[in-house]
Every structure is written in structure tokens, then in C-alpha cells.
1. Considering only residues that are open to solvent by less than 60 Å² (accessible area, probe 1.4 Å) and without any contact (Cβ under 8 Å) to a residue 12 or more places away in the chain, look in the stretch 30-44 and name the one that is farthest from Glu7 (Cα to Cα).
2. Pairs please, first residue from the stretch 74-93 and among the charged types (D, E, K, R), second anywhere and loosely packed, with under 12 Cβ neighbours inside 10 Å, Cβ atoms under 8 Å, 6+ apart in sequence or on different chains.
3. Taking Phe103 as the residue in question, decide whether it is aromatic (Phe, Trp, Tyr), under 19 Å from the mean Cα position of the chain (by Cα) and open to solvent by less than 70 Å² (accessible area, probe 1.4 Å).
4. Any idea how many residues of the stretch 1-24 are open to solvent by less than 100 Å² (accessible area, probe 1.4 Å), modelled with pLDDT of 90 or more and aliphatic (A, V, I, L, M)?
5. Taking Ile68, is it β-branched (Val, Ile, Thr), surrounded by 10 or more Cβ atoms within 10 Å (Cβ to Cβ), within 17 Å of the chain's Cα centre (by Cα) and closer than 19 Å to Phe116 by Cβ?
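The values are calculated or read from the model by the stated rules, or taken from the named source; none is laboratory data. For clarity, every value in this text was computed on a predicted model and none was experimentally measured. Cβ atoms come from the backbone with ideal geometry, glycine included; neighbour counts cover every protein chain shown. We work out accessible area using only protein heavy atoms, side chains counted, and drop any ligands, DNA or RNA first. Shrake-Rupley method; radii C 1.70, N 1.55, O 1.52, S 1.80 Å.
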Amino acid sequence: MKRNISEYIIYTFFAVGTIIVLFIVNINIDNTFSFYFIIAYVIFLLLSLLYFIFAIVINIRKLKWSDIRKRIYRFITLFILISATTYSLKYIFRPSEIDVFDFGTPLGLAFGMSFFDLIFFKEKNER
């Protein structure tokens, strides 16, 4: 699979930025440069998230309806399974901390597991 140079730049910025932010937070560096760097890193993460969502939407339009339907069923199944596991484990281990609106993590995990490969989806050339 041939990748675009912009994808390598995004991955490099992400890796280097993550290492620097973890270093800043771990050492507890408190100056204006570190504050602005962390703000810029968060903005970069939001913009890359928008890029990935845009890539998913563009690539999902290239799929057949049957493949889209399979991905949606997989998403719903994974969401229900992960949510049920989360709530049952919280009921067993921490019954006092059960929150009805705790569905963000199962939603993100199910979405990522169902649609993550569409970010890198390239149509194969038929010869």
C-alpha cells in the first residue's frame, strides 16, 4: 500500500509531539513555552481528528452498501458488548460508582474497531 507523504508527516508530528508532551507533564515544566506547546499539540490533535473523519467519510462513499451494512452491524454489536461488559464489571467491582451516561469509551472503541481501516483505504487498480 502506497502512502502519501502527508500521512508520514502527521504520524511523525504525532509521535514527536506525544513524547514531548509526556516529558513536559512528567517533569512538571511550568513556563509559557510549554503551555503554548501543549495548546498547539491539542489543536494539532483536533485537526488530525477532523482529517481522519474526513478521510473516513470520503472512503466510506467508495464502499458497497453490503459492506457498509456489515460495518454498522459490527459497530452496534461491539458497542452493546463493550457497554454490557463495562456496566457488569462496574456492578461487580464498584457498585457505588455506576453512571448511566458512561458510554463514551464503548462508543469510541466500537467506532474505532469498526471503521479504523477506512482511514487507510485505497481502491485497488484493476488491470
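1. Ser34
2. Cβ pairs passing all conditions: Lys90/Glu97; Lys90/Ile98.
3. Judged against the criteria, Phe103 is not a match.
4. Count: 5.
5. no
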